[in-house]
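No value in this document is a laboratory result; all are computed from the given coordinates. The model shown is predicted, which means the values in this text are computed figures rather than measured ones. With ideal geometry, Cβ positions are generated from the backbone for all residues, glycine too; neighbour counts draw on all protein chains shown.
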Amino acid sequence: MFEIQHVSKSFPGVRALADVSLCLQAGEIHGLIGENGAGKSTLIKIITGLYRPDTGRLLLQGNELHLASTRAALKAGIGAVHQERNLIPRFTIAENMLLERLPARMGIVQSAALKQEAFHWLQKLHLELDPEMEVAQLSVAQAQLVEIAKALTLDSRILLLDEPTASITPAETEHLFRIFRALRDQGVALLFVSHKLEEIFSLCDRLTVLRDGKAVVVNQDIKTLDREQVLTAMIGRAQTIADLPARVVDDTQIVLEGRELRTARGHRHINFALHRGEILGLYGLVGSGRSELARALIGVEAVTGGKILVNGQPASPRGVRQAKQKYRIGYVTENRKEEGLLLILDVATNIATTVWERLRHFLGWIPRRSEEQLAGTYVDRLGIKVSSVAQQVGTLSGGNQQKVSLAKWLAADCAILIIDEPTIGIDIRTKGEFHQLIWQLASEGKSILLISSDMPEMLHLADRVLIMNEMQLVGEMQNSRNYKEMSQAIIQAIHTHPAHTEEGEAEVH
Ligand SMILES: Nc1ncnc2c1ncn2[C@@H]1O[C@H](COP(=O)(O)OP(=O)(O)OP(=O)(O)O)[C@@H](O)[C@H]1O
Ligand SMILES: [Mg+2]
């Protein structure tokens with residue numbers, strides 16, 4: 001149905017794609033994987049007319065395609081969910097979903113029908129959202145699902161999915177995969193990018209692997225490949241997972257505590273304690289209120305009742321900066337691109353910003369060379385793919401931006417780190433490295449509140465797991481380190497309804 005022939009694309013200082021060919025068949029799900037910066041998104045942007053290839057051709061059913069714009073790609077039946085969100089925050093969900101279709105069909109009457117269809121797709125994705133709600137109100141995961149729902153309304157023959165499952169939990173992923181499989185069975189060609197190998201193996205029919213811009217496995221039947229072979233193709237060697245050394249949690253010392261916390265977002269009866277040197281997991285479905293709780297803890301969301309205590313003292317942080325300076329709480333946001341990074345500045349400056357504020361106090365200014373040295377250490381350790389530490393962060397691949405944001409907070413000297421979905425979009429090799437860094441920080445006595453929808457990650461790292469549903473904590477478990485037992489118990493617990501009802505409580509918006 002669709003063919004990419006000998007496509008190359010360069011940016012200043014980097015060859016993003018080098019002579020890449022692959023083909024998509026009607027009725028297949030084609031996996032596309034590779035490490036951060038391998039060229040996956042660049043390829044997708046070329047197929048959707050966002051980037052022009054330097055050389056090479058695109059063929060749709062044998063005819064050469066010259067895509068002058070993204071609109072041209074849409075017209076040709078090519079739909080996409082990009083890695084970064086493209087929703088307009090001040091528009092409603094329905095408006096965002098219908099935006100690209102309105103010019104195609106005329107008249108107000110049909111727009112009502114389209115809205116109906118938008119609603120239909122939201123429901124199909126089990127998204128209980130009001131289509132009239134503003135997109136700015138959505139969590140990262142909800143926005144991702146809305147973006148997918150939007151792409152589905154387009155009725156494309158070719159659907160390109162750049163890490164569609166990055167921010168969502170396994171339960172949501174299941175619904176999504178059912179829909180992808182149904183589309184495949186209707187003859188749609190899907191190109192699916194993911195860093196989660198289990199997803200690739202459960203969903204895809206064929207696979208293409210990119211490494212440093214080159215296709216090292218092309219159109220290969222997935223049944224002929226195993227995990228080791230795919231990893232070797234991606235990284236150039238088999239992956240080894242290092243065992244994490246034993247660690248001691250000082251459970252006599254509580255560093256962060258919530259007592260009967262209530263927030264303007266609707267949290268009720270939040271009670272928890274984070275100990276010194278502990279990694280405390282917070283698990284729940286999309287929309288259960290985990291990130292909102294994290295934001296309330298640093299004062300970005302309003303706390304309307306109860307208490308936050310830091311080292312036993314009542315605390316009321318008023319935002320990211322104050323939380324860090326006064327209470328030594330760092331918050332690695334889930335929404336890194338919008339909140340976590342200065343996209344127009346370079347890698348060295350971004351990594352050094354949090355350190356900078358601390359050192360400025362003594363030094364007055366930071367020599368550029370120290371910034372570069374600090375950044376260099378993390379660039380090496382997390383394998384951040386940059387042409388130099390002077391590269392502008394906005395031009396890095398999605399995963400590499402993420403790594404910069406993580407590096408920034410790992411370098412900051414916080415006593416408490418709240419880490420929200422740390423390894424979304426991060427490649428497998430770096431994930432292991434990052435887990436070791438977190439573990440090491442905890443060994444050094446730092447305390448970590450870990451929000452992750454990645455169950456293996458959660459159970460690999462957390463000492464205890466809190467479970468959240470409908471803005472309340474509905475369970476707490478000591479991690480037995482028995483994966484099967486723990487994951488089953490957690491999955492069961494996330495559907496527990498909170499014991500406290502809203503009865504007699506005023507509605508807060
Ligand atoms: N607009 C741009 N300007 C400069 N360099 C760019 C630009 N877009 C991409 N690159 C570079 O091209 C390379 C490939 O990036 P790409 O975004 O395709 O990677 P990716 O495989 O999607 O990675 P990830 O898994 O992190 O999303 C990277 O080295 C990146 O820095
Ligand atoms: Mg990408």
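Say the dipole of region 2-235 comes from +1 at the beta carbon of Lys and Arg and -1 at that of Asp and Glu; which of ALA113, ILE33, CYS23 then lies farthest toward its positive end?
CYS23
What's the exposure ranking of ILE428, ILE418, going from fewest to most Cβ atoms within 10 Å? Can you show the working numbers first?
Details: ILE428 18, ILE418 27.
Ascending number of Cβ neighbours within 10 Å: ILE428, ILE418.
Between 0 and 90 degrees, rounded to the nearest ten: what's the tilt of helix 398-411 against the longest Cα principal axis of the chain?
20 degrees
Give, rounded to the nearest 20 debye, the magnitude of the charge dipole that the chain has about its Cα centre when Lys and Arg contribute +1 at Cβ and Asp and Glu contribute -1 at Cβ. The partial results should precede the final answer.
Details: 56 positive and 60 negative charges, 261 e Å.
Rounded to the nearest 20 debye, it is 1260 debye.
Dividing the alpha-carbon Rg of region 374-509 by 2.2 N^0.38 Å yields what? Let's see the in-between values first.
On the way: Rg = 18.1 Å, N = 136, 2.2 N^0.38 = 14.2 Å.
Rounded to two decimals, the normalised Rg is 1.27.
Convert each backbone phi in region 73-88 into a coupling constant with the Karplus relation 6.51 cos²θ - 1.76 cosθ + 1.60 (shift: θ = phi - 60°), then list the ³J(HN,Hα) values in order as whole Hz, x for Gly and Pro.
5, 4, 4, 7, x, 9, x, 8, 10, 7, 5, 9, 6, 10, 8, 8
Per residue of the chain, what 222 nm ellipticity follows from adding -39500 (n - 2.57) for every DSSP H run with n ≥ 4, rounded to the nearest 500?
Values: 16 runs with 178 residues, N = 509.
When only DSSP H runs of four or more count, the value is -10500 deg cm²/dmol.
On a straight-distance basis, which aspartates and glutamates could pair with LYS9 in a cross-link, Cα separation under 13 angstrom, same-chain partners fewer than 8 positions away excluded?
ASP19, ASP54, ASP212
Projecting each Cα onto the charge dipole of the chain (Lys/Arg +1, Asp/Glu -1 at the beta carbon, about the Cα centre), which of LEU60, ALA442, LEU343 comes out farthest on the positive side?
Going by the Cα projections, it comes out as LEU343.
Can you tell me the dipole magnitude for region 2-235 around its Cα centre, using point charges on the Cβ only (Lys, Arg +1; Asp, Glu -1), in Debye to the nearest 20? Can you show the working numbers first?
Details: 25 positive and 28 negative charges, 126 e Å.
Charge dipole of region 2-235: 600 debye, to the nearest 20.
Please report, in debye to the nearest 20, how large the charge dipole of region 192-285 is about its Cα centre when each Lys and Arg carries +1 at its beta carbon and each Asp and Glu carries -1 there.
Numbers: 13 positive and 13 negative charges, 66 e Å.
The dipole magnitude comes to about 320 debye.
What order, most packed first, do the peptides 310-318, 53-61 have when packing is the mean number of other Cβ atoms within 10 Å of each residue? Please list the in-between numbers first.
Numbers: 310-318: 14.3, 53-61: 16.0.
Sorting 310-318, 53-61 by mean packing, highest first, produces 53-61, 310-318.
In the chain, if the dipole is taken from +1 on Lys/Arg beta carbons and -1 on Asp/Glu beta carbons about the Cα centre, which of HIS267, LEU297, TYR327 is farthest to the positive end?
TYR327
Note the angle between two axes, namely the Cα long axis of helix 347-363 and the longest principal axis of the Cα atoms of the chain, as a number of degrees from 0 to 90, rounded to the nearest 10.
Result, in degrees: 20.
Separation of region 121-192 and region 376-403 by C-alpha centroid, Å?
Going from one Cα centre to the other spans 29 Å.
By count of other Cβ within 10 Å, fewest leading, how are GLU457, GLU163, GLU433 ordered? Could you put the intermediate results ahead of the total?
Details: GLU457 19, GLU163 24, GLU433 14.
Ascending number of Cβ neighbours within 10 Å: GLU433, GLU457, GLU163.
When the C-alpha atoms of the chain are aligned to their principal axes, what extent does each axis show, in angstrom, from largest down?
69, 58, 45
Tell me, LYS124, LYS408 in order of fewest to most beta-carbon neighbours within 10 Å?
On the way: LYS124 15, LYS408 25.
Arranged by neighbour count, lowest to highest, LYS124, LYS408 become LYS124, LYS408.
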